[in-house]
Amino acid sequence: MSSLKYRLFKNKLLSLSVIVLSALTAVPLVLIIGKVFLQGWRQINWDFFTETTPSTLDALLAINNNQPIPGGIANGIVGTLMMVLIASAIAIPIGVMSGIYLSENRKTRFSSVVRFLTDLLQGTPSIILGIIAYLWVVIPLKSYSALAGSVALAIMMLPLIVRSTEETMNLLPVSLKEAGLALGSPYSSVVLKVLLPSAFGGVFTGILLSISRVIGETAPLMLTALGATAIQWDVSKPASAVSLLIWEFYNDPNLQSMIWSASLFLLLLVLSLNILAKQLAKKWRI
Amino acid sequence: MSDKIFKSFLLVSALMLLLIFAGIFFSLSKGAIPAFREFGFFGFIFSGEWNSRTGAEEYGALAFISGTLLTSVLALVFCLPFSLPVSFFVGEYYRGKKIAAVLGGIVDLLAGIPSIVYGLWGFYALRPLIQSLGLSEQGFGMLTSSLVLAIMIIPYASSLSAEFIRMVPQELKEGAYSLGATRAEVIRNIILPGSFSGIFSAYILALGRAIGETMAVTMLIGNTNRIPHGLMDTGNTMASIIANQFGEADGLKLSSLIAIGLLLFLITAIVNFLGRLMIKRYSI
């Protein structure tokens, strides 16, 4: 056994390195958010939210005349919101219902298979779901579309909604369900009017988290929604998204100065959703 | 609503999940058939060629499989010295304290940053740094992508590990303390052995994340279609080649990209399967 002094020294050294290295881990977050803020806030103005993206020629003219680049990311904002909305409309009912099923039939073999596949689906790379939406929607409809993008996002959202619904439902006391059934209410109304409202906090948090997970996705949308320069309300036509616009700006030397403002907007959107979801989770804990 | 209908609704929803998973596998396999038929299943996997010139078309996945393995394993190595301290900070040293919740929250936010923003940051902030250090001329490559990947997977690795560290029974730790052990010795002899398989599975799941990451890698890896020969070499991962070339692909090339997608799907499924299996074993 080594001397007490040496052991205490080793102990101190470990605590110190744990603290220092942990603190260092927070640095990238500060650096990334700092970079995006510093470079992005200047271009954010009213036009940024109401105008569509400028053509590369307009941007070039503006740069040559030393003016700010005209236009904004309205087409991206509309596209993102539309696709997230449709994806939610697909994923929330299926996800919540499956979550209820898994919680109501906990021990069956079928449930454990579904549970396991849901976990695997959660780990499936988003680009794969892009390919799938391309094969399932783009090819049959013969066009890139907002709908295809929504399908990819919906499959991404599903696992999180299923598991958060299931986990929250599992936390509910059995007496709640028994009381409902003892009053003679049918099973469906016990689930829909007693259990689901009691679990609302957890379910809603899961939905918010799943939205924040997909709202910044780029890769699957590249293969499905493709992008558009104008605001597109038709779901069967190619649509833009904020993340897709960032990718376009990144690839177009004339539009580079818009990269950071679009990123700032996307980052704020995702992080505030994320934080909101976690605050609600804390508040509504069962 | 009759209960029977309601119950079958629930069942159908659960069935949908099963169908989606099976459908993904089926559609990818179907799309990959032309490529496998042309080059053979193993021929495709073990060929490092990627040539899309008409007439001399030849496609293989080896360059991208090796790119994927290299970047994701490197990312795991780079993230370890930071994510492990974080999980001990949150799960042991400051367990239940406010500061632990703050650090945990900050690290979790890393998981919320969109992949494309990581890519931009890597391109405009990290790449110049690598250039100025003289590590590589263009700043693209395996090292740059792995560094960004490492930051991206820290939250996945650390938060799950912290949970397993927290689960080590208090009585065991107190027993060791009562024998005069220091905290470092408790960690070394009680906590680490007790939570090892849990921590290990957390890192396997984090590896699965790194394998599938697309945008950030696409922007940083340099996009060359050959087997990488070193840390500074450029290359492509399975995800990045799909992101790069899917839009303009058709025929055999499209099928080859789908085949790479199938392989990627299988690899991540196996990695996640192993990770989840270990967690299940561990928690019972």
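No lab work stands behind these numbers, since they all come straight from the coordinates. Only a predicted model underlies this, so the values are computations on that prediction, with no experimental measurement involved. Cβ: placed from backbone, ideal geometry, glycine included. Neighbour counts: every protein chain shown.
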Express in whole angstrom the spacing between the alpha-carbon centres of the stretch A:81-120 and the stretch A:218-233. 26 Å
Given the options B:168, A:254, A:27, identify the residue whose Cα lies farthest towards the positive end of the charge dipole of the protein assembly as shown (+1 on Cβ of Lys, Arg; -1 on Cβ of Asp, Glu). B:168
Show the residues, 5+ positions off or on another chain, whose built amide H is closer than 5 Å to the amide H of residue A:44. none
Got the relative contact order for chain B handy, in percent, Cα pairs under 8 Å and 6 or more residues apart? 27 percent
Whole number please: convex hull volume per residue, Cα atoms of the stretch A:148-222, in Å³. 78 Å³
Using only the alpha carbons of the stretch B:191-284, determine the length spanned along each of the three principal axes and report them from longest to shortest in whole angstroms. 50, 30, 20
Can you give the relative contact order of chain A as a percent, counting alpha carbon pairs under 8 Å and 6+ residues apart? 26 percent
Once each part is reduced to its C-alpha centroid, what is the distance from the stretch B:61-76 to the stretch B:9-23 in angstrom? 33 Å
Set Lys and Arg Cβ to +1 and Asp and Glu Cβ to -1, take the dipole of the stretch A:116-234 about its Cα centre, and tell me which of A:165, A:233, A:209 lies farthest positive. A:233
Could you give the Stokes-Einstein D for the stretch A:6-156 in µm² per second, using the C-alpha Kirkwood radius, 4 °C, 1.567 mPa s? 62 µm²/s
Using the scaling law 2.2 N^0.38 Å as the reference, what is the normalised Cα Rg of the stretch A:11-87? 1.81
List the pair-distance distribution P(r) of the stretch A:90-213, using every Cα-Cα distance, as the percent of pairs falling in each 5 Å bin from 0 up to the bin containing the longest distance, rounded to whole percents. 2, 11, 18, 19, 17, 13, 9, 6, 3, 2, 0
So what J values fall out for the stretch B:52-68 if you push phi through Karplus, 6.51 cos²θ - 1.76 cosθ + 1.60 with θ = phi - 60°, rounded to Hz, Gly and Pro as x? 9, 5, 4, x, 10, 4, 8, 10, x, 9, 4, 4, 7, 4, 5, x, 5
Rg/Rh for the stretch A:208-286, where both radii come from Cα atoms and Rh is the Kirkwood radius: 1.08
Please report, to two decimal places, log10 I(q)/I(0) for the stretch A:74-283 at q = 0.09, 0.17 Å⁻¹ as given by the Debye formula with identical point scatterers on the Cα atoms and no solvent. -0.41, -1.11
Solution diffusion estimate, µm²/s, Stokes-Einstein, the protein assembly as shown, Kirkwood Rh from C-alpha pairs, 20 °C, viscosity 1.002 mPa s: 85 µm²/s
Within the stretch A:215-239, what residues put their amide N at less than 15 Å from the label point 7 Å along the Cα-to-Cβ vector of residue A:142? A:237
Quick one: how many lysine pairs does the stretch A:74-283 have with C-alpha atoms less than 23 Å apart and a gap of 8 or more or different chains? Give me the count, please. 4
Which ³J(HN,Hα) values, rounded to whole Hz and listed in residue order, are derived for the stretch A:207-220 from phi using the Karplus coefficients 6.51, -1.76 and 1.60 in 6.51 cos²θ - 1.76 cosθ + 1.60 with θ = phi - 60°, glycine and proline given as x? 5, 4, 4, 5, 5, 5, 6, 9, 5, x, 5, 10, 3, x
Taking θ = phi - 60°, what integer Hz values does the Karplus form 6.51 cos²θ - 1.76 cosθ + 1.60 yield along the stretch A:18-27, in sequence order, with x for Gly and Pro? 4, 5, 5, 5, 4, 5, 4, 5, 6, 4
With +1 on each Lys and Arg Cβ and -1 on each Asp and Glu Cβ, and nothing else charged, work out how big the dipole of the stretch A:125-257 is about its Cα centre, in Debye to the nearest 20. 240 debye
Taking each pair of different alpha-carbon atoms in the stretch B:149-205 once, compute 1/r for the pair, average those values, and report the inverse of that mean as the Kirkwood hydrodynamic radius in Å to one decimal. 12.0 Å
For residue A:5, the lysines lying under 25 Å Cα to Cα, once residues fewer than eight places off in the same chain are dropped, come out as B:173
Please give every one of the aspartates and glutamates within straight-line cross-link reach of residue A:10, meaning a C-alpha to C-alpha distance under 18 Å, and leave out same-chain neighbours fewer than 8 residues apart. B:92, B:185
At a 10 Å Cβ-Cβ cut-off, how would you order A:25, A:53, fewest neighbours first? A:25, A:53
In square nanometres, what is the average projected area of the Cα convex hull of the stretch B:16-57? 3.7 nm²
Dimensions in Å of the stretch B:49-137 - Rg and Dmax from alpha carbons: 19.6, 66
Please report Rg over Rh for the stretch A:43-86, where both radii come from the alpha carbon positions and Rh follows the Kirkwood definition. 1.11
If you line up the Cα atoms of the stretch B:1-80 on their principal axes, what length do they span on each, largest first, in Å? 62, 43, 20
Area projected by the alpha carbon convex hull of the stretch B:74-230, averaged over all directions, nm²: 10.6 nm²
Connecting C-alpha atoms closer than 10 Å in a GNM of chain B, tell me which of B:203, B:177, B:94 has the biggest fluctuation. B:177
For chain B, the Cα convex hull volume per residue in Å³ comes to 195 Å³
Using a 10 angstrom cutoff on alpha carbons, build the Gaussian network for chain B and name the most mobile of B:175, B:261, B:43. B:175
With just the Cα atoms defining each centre, how far is the stretch A:146-178 from the stretch B:102-154? Give it in Å. 32 Å
